[in-house]
Amino acid sequence: MSEFASGTLTAKNIHLSFGSNHVLRGIDLHVEKGTTASVIGPSGSGKSTLLRVMNRLIEPDQGDILLDGRSVLKDNPDELRRRIGMVFQQFNLFPHKTVAENISLALRKLRGMSKEQARDEALAQLDLVGLKHKADSRPANLSGGQQQRVAIARALAMKPEVMFFDEATSALDPELVKGVLALMTDLAQGGMTMVVVTHEMGFSRNVSDIVTFMDAGVVVESGPPEQLFTNPQTERLQGFLSDVL
Amino acid sequence: MDILNQLAETFFDWEAMGEVIPKMFAVGLPNTIVLAVVSGIIGTALGMLLALMGISRNAAARWVARIYTDILRGLPPVLTILVIGFGFGPIIRELTGSTSPYPMAIAALSLMSGAYIGEIFRSGIQSVDKGQLEATRALGFSYGSSMRLVVVPQGIRRVLPALVNQFIALIKESSLVFMLGLLATEREIFQIGKDAAANSGNLSPYVAAAIFYLALTIPLTHFVNFIDARMRAGRPEKKEPDEAAAVVGKGAQA
């Protein structure tokens, strides 16, 4: 039983260029409902760009994106993004709003909730990440780990079918990383469909159902974590793992 | 000592000052404030429009804003006020029957300050981290809503000091409207000082006018410094360690 109304996400043959820079060169990624896919690879390999293409913050030049087997490229991209939560490396909380307002803004404006309803829902989400007592603080007065947990609560409040994590722990002090990873692990075990771009090899290995290694805009290797981490087939993945482990 | 006496008589003739100060309070000060406040409000609205055009994804809108701003910022204020006041005055007179150059004075000040305020807003909005727009859009907001609800409010906040500075400049520039030949009841601080100085042949009314201007501008200057410091330091609120994460982190380390 899943706690979430998760969906299955598929990206097919995604191509994207910025001018003459061919950033994504035919990416395929399939994330089954309720599973976690982690995407690893060196900086500049196109991992973060792939996330932004899959929720259409950037439109692909070519390829298709399917949610529950249906192409979403013809839909209104704003509506697609309401179905996909995203958490960023730099948290990107709204500094001029309180923690609770950060979460209630989209509930009020996009879900049409009343002010009180939205605040109640925001408090409930904050409770889930252990920060209800910070509801009326400003993001700047929270630690990085707390800010990232608020950002996760903000995304979850929209009841997404899929969650994207873009190097969600890379900007955190080492002692704060585990709190955020623990929360992400809870979500994965709760049945959320997740795509996690990460440099945390421990998380990738222990929590994800499938690991995708990207380099220079292509998927070099993909498979179950034990296979990729213990028996990498390609030289590029072997080289990458020996650099990061 | 002769020179000192002469200077004192020229600039600090208390009698001449005493004669002009009541009129400055009754007529000059209200008119200066009305000119500055009304054109400040119109200029702010115009500036916001120009800023949004300037960052628009529509190239034509960007060009219109660019050309307008370049011209209005590039001209001496005295020239703009004369051209607008004398150039458009007769047209307005024909349309409305009003002979007062007062609306033209406000229009000229508004159009000028709009160009400067537009640049202030634009730089503020563009200085907001692009992650803010990205995060808002990722929640499912359209580009327009994201700008309106998240990006623009932050951009305005950080240029408040520059905006108050622009308002100070507007108070000072409002003195230039004397060139349009305002009616007696429409005269602002500077012109009342100027008229009195011309009548008495003594410069003390100018000194009185100067004191009025400083009484308006110096508090505003300090207000700028105050909000600037407040925004730099933030509201005083204590930052706490991340208790919950620390427990998980330290405990799970072993």
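The values are calculated or read from the model by the stated rules, or taken from the named source; none is laboratory data. Note that the structure is predicted; figures quoted are calculated from it, not measured. Cβ coordinates were reconstructed from backbone atoms using ideal geometry, including for glycine residues, and neighbour counts include every protein chain displayed. These area figures cover heavy atoms from the full protein model, side chains too; ligands, DNA and RNA do not enter into them. Shrake-Rupley method; radii C 1.70, N 1.55, O 1.52, S 1.80 Å.
Counting just the residues of the stretch B:141-150 that are over 22 Å from B:Val64 (Cα atoms) and surrounded by fewer than 23 Cβ atoms within 10 Å (Cβ to Cβ), which one comes out nearest to the other protein chains (Cβ to nearest Cβ)?
First pass over the stretch B:141-150, keeping only residues over 22 Å from B:Val64 (Cα atoms): B:141-142, B:145-146, B:149-150.
Next, from what is left, pick out any that are surrounded by fewer than 23 Cβ atoms within 10 Å (Cβ to Cβ): B:142, B:145-146, B:149.
Working: B:Ser142: 5, B:Ser145: 7, B:Ser146: 10, B:Leu149: 7 Å.
By that ranking, first place goes to B:Ser142.
Take B:Pro90 and tell me if it is at pLDDT below 90 and over 17 Å from B:Leu46 (Cα atoms).
Numbers: at pLDDT below 90: yes; over 17 Å from B:Leu46 (Cα atoms): yes.
Criteria met by B:Pro90.
With the condition kept exactly as written, say whether any residue in the stretch B:81-97 is outside any helix (DSSP H, G or I) and either within 30 Å of A:Ser48 (Cβ to Cβ) or among the polar types (S, T, N, Q) (or both).
Our first condition is that a residue be outside any helix (DSSP H, G or I); within the stretch B:81-97, this holds for B:97.
So of that shortlist, the ones also either within 30 Å of A:Ser48 (Cβ to Cβ) or among the polar types (S, T, N, Q) (or both) come out as none.
Looking through the stretch B:81-97, none of the residues is outside any helix (DSSP H, G or I) and either within 30 Å of A:Ser48 (Cβ to Cβ) or among the polar types (S, T, N, Q) (or both).
Take residues that are under 21 Å from the mean Cα position of the chain (by Cα) and surrounded by 15 or more Cβ atoms within 10 Å (Cβ to Cβ) and tell me which of the helices (runs of 4 or more DSSP H) falling wholly in the stretch A:192-245 contain 1 or more.
Values: elements: A:201-207, A:225-230, A:235-244.
Result: A:201-207, A:225-230.
Tell me yes or no: at least one residue of the stretch B:12-19 is under 29 Å from B:Ser204 (Cβ atoms) and without any contact (Cβ under 8 Å) to a residue 60 or more places away in the chain.
Start the filter on the stretch B:12-19 by keeping residues that are under 29 Å from B:Ser204 (Cβ atoms), which leaves B:12-19.
Next, only the ones that are without any contact (Cβ under 8 Å) to a residue 60 or more places away in the chain stay: B:15, B:18.
Among the residues of the stretch B:12-19, at least one is under 29 Å from B:Ser204 (Cβ atoms) and without any contact (Cβ under 8 Å) to a residue 60 or more places away in the chain, which makes the answer yes.
Residues checked against (1) farther than 22 Å from B:Ser142 by Cα; (2) out of contact with any Lys or Arg (no Cβ under 8 Å at 6 or more places or on another chain):
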{"residue": "A:Asn21", "(1), (2)": "yes, yes"}
{"residue": "A:His30", "(1), (2)": "yes, yes"}
{"residue": "A:Gly34", "(1), (2)": "yes, yes"}
{"residue": "A:Leu50", "(1), (2)": "no, yes"}
{"residue": "A:Leu66", "(1), (2)": "no, no"}
{"residue": "A:His96", "(1), (2)": "no, no"}
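For the stretch A:83-107, which residues satisfy the criterion of being more than 9 Å from chain B (Cβ to nearest Cβ), open to solvent by 10 Å² or more (accessible area, probe 1.4 Å) and either in contact with a helix residue (DSSP H, G or I) (Cβ under 8 Å, 6 or more places away or on another chain) or of a type in the set (Asp, Glu) (or both)?
Hits for the stretch A:83-107 are A:Glu101, A:Ser104.
Conditions: (1) in contact with a Ser or Thr (Cβ under 9 Å, 6 or more places away or on another chain); (2) open to solvent by 10 Å² or more (accessible area, probe 1.4 Å); (3) within 30 Å of B:Arg158 (Cβ to Cβ). A:Asp61 meets all but one. Number of the miss?
(3)
Does the stretch B:118-140 hold any residues that are open to solvent by less than 10 Å² (accessible area, probe 1.4 Å) and more than 7 Å from every other protein chain (Cβ to nearest Cβ), and which are they? Walk me through how you get there before you give the answer.
The first filter runs over the stretch B:118-140 and keeps only residues open to solvent by less than 10 Å² (accessible area, probe 1.4 Å), leaving B:118, B:121, B:124-125, B:131, B:135-136, B:138, B:140.
Result: B:Gly118, B:Phe121, B:Gly124, B:Ile125, B:Thr136.
Please tell me if A:Glu116 is on the phi > 0 side of the Ramachandran plot and either at pLDDT below 95 or more than 12 Å from chain B (Cβ to nearest Cβ) (or both). Walk me through how you get there before you give the answer.
Values: on the phi > 0 side of the Ramachandran plot: no; either at pLDDT below 95 or more than 12 Å from chain B (Cβ to nearest Cβ) (or both): yes.
So A:Glu116 fails the test.
Which residues, taken from the stretch A:163-192, are touching a Gly at 6+ places or on another chain (Cβ under 6 Å) and within 21 Å of A:Ala5 (Cβ to Cβ)?
Those that are touching a Gly at 6+ places or on another chain (Cβ under 6 Å) and within 21 Å of A:Ala5 (Cβ to Cβ): A:Met163, A:Gly191.
Which members of the stretch A:173-191 meet the condition of being within 13 Å of chain B (Cβ to nearest Cβ), assigned to a loop (DSSP other than H, G, I, E, B) and open to solvent by less than 20 Å² (accessible area, probe 1.4 Å)?
Step one: of the stretch A:173-191, the residues within 13 Å of chain B (Cβ to nearest Cβ) are A:173-186.
Subset that is assigned to a loop (DSSP other than H, G, I, E, B): A:173.
Within the stretch A:173-191, no residue meets the criteria.
Do we find a residue being open to solvent by 20 Å² or more (accessible area, probe 1.4 Å), within 20 Å of A:Lys47 (Cα to Cα) and either not basic (Lys, Arg) or not in a helix (DSSP H, G or I) (or both) anywhere in the stretch A:151-170?
yes
Considering only the stretch B:4-19, I want to know if a residue exists there that is of a type in the set (Phe, Trp, Tyr), in a helix (DSSP H, G or I) and more than 22 Å from B:Leu182 (Cβ to Cβ). Walk me through how you get there before you give the answer.
As a first pass, look at the stretch B:4-19 and keep what is of a type in the set (Phe, Trp, Tyr): B:11-12, B:14.
Pick out the ones that are also in a helix (DSSP H, G or I) and you get B:11, B:14.
Subsequent filtering for residues that are more than 22 Å from B:Leu182 (Cβ to Cβ) retains B:11, B:14.
Yes - at least one qualifying residue is present in the stretch B:4-19.
Within the stretch A:69-89, is there a residue that is among the aliphatic types (A, V, I, L, M), touching a His at 6+ places or on another chain (Cβ under 9 Å) and at negative phi? Steps first, answer last, please.
As a first pass, look at the stretch A:69-89 and keep what is among the aliphatic types (A, V, I, L, M): A:72-73, A:80, A:84, A:86-87.
Restricting the remaining residues to those that are touching a His at 6+ places or on another chain (Cβ under 9 Å) gives none.
No, the stretch A:69-89 contains no residue that is among the aliphatic types (A, V, I, L, M), touching a His at 6+ places or on another chain (Cβ under 9 Å) and at negative phi.
Would you be able to tell me the number of residues in the stretch B:157-202 that are surrounded by fewer than 19 Cβ atoms within 10 Å (Cβ to Cβ) and within 14 Å of another protein chain (Cβ to nearest Cβ)?
3
Go through (1) away from chain B (no Cβ under 11 Å); (2) open to solvent by less than 30 Å² (accessible area, probe 1.4 Å) for A:Gly145 and report which single condition fails.
(1)
Which of the residues belonging to the stretch A:123-138 are touching a residue at least 40 places away in the same chain (Cβ under 8 Å) and crowded, with 21+ Cβ neighbours inside 10 Å?
Restricting attention to the stretch A:123-138, the residues satisfying the condition of being touching a residue at least 40 places away in the same chain (Cβ under 8 Å) are A:129, A:138.
The answer is A:Val129, and nothing else.
Can you pull out the helices (runs of 4 or more DSSP H) entirely within the stretch B:107-159 that have at least 3 residues that are among the charged types (D, E, K, R) and more than 30 Å from B:Leu82 (Cβ to Cβ)?
Details: elements: B:130-138, B:143-146, B:152-158.
Ranges flagged: B:130-138.
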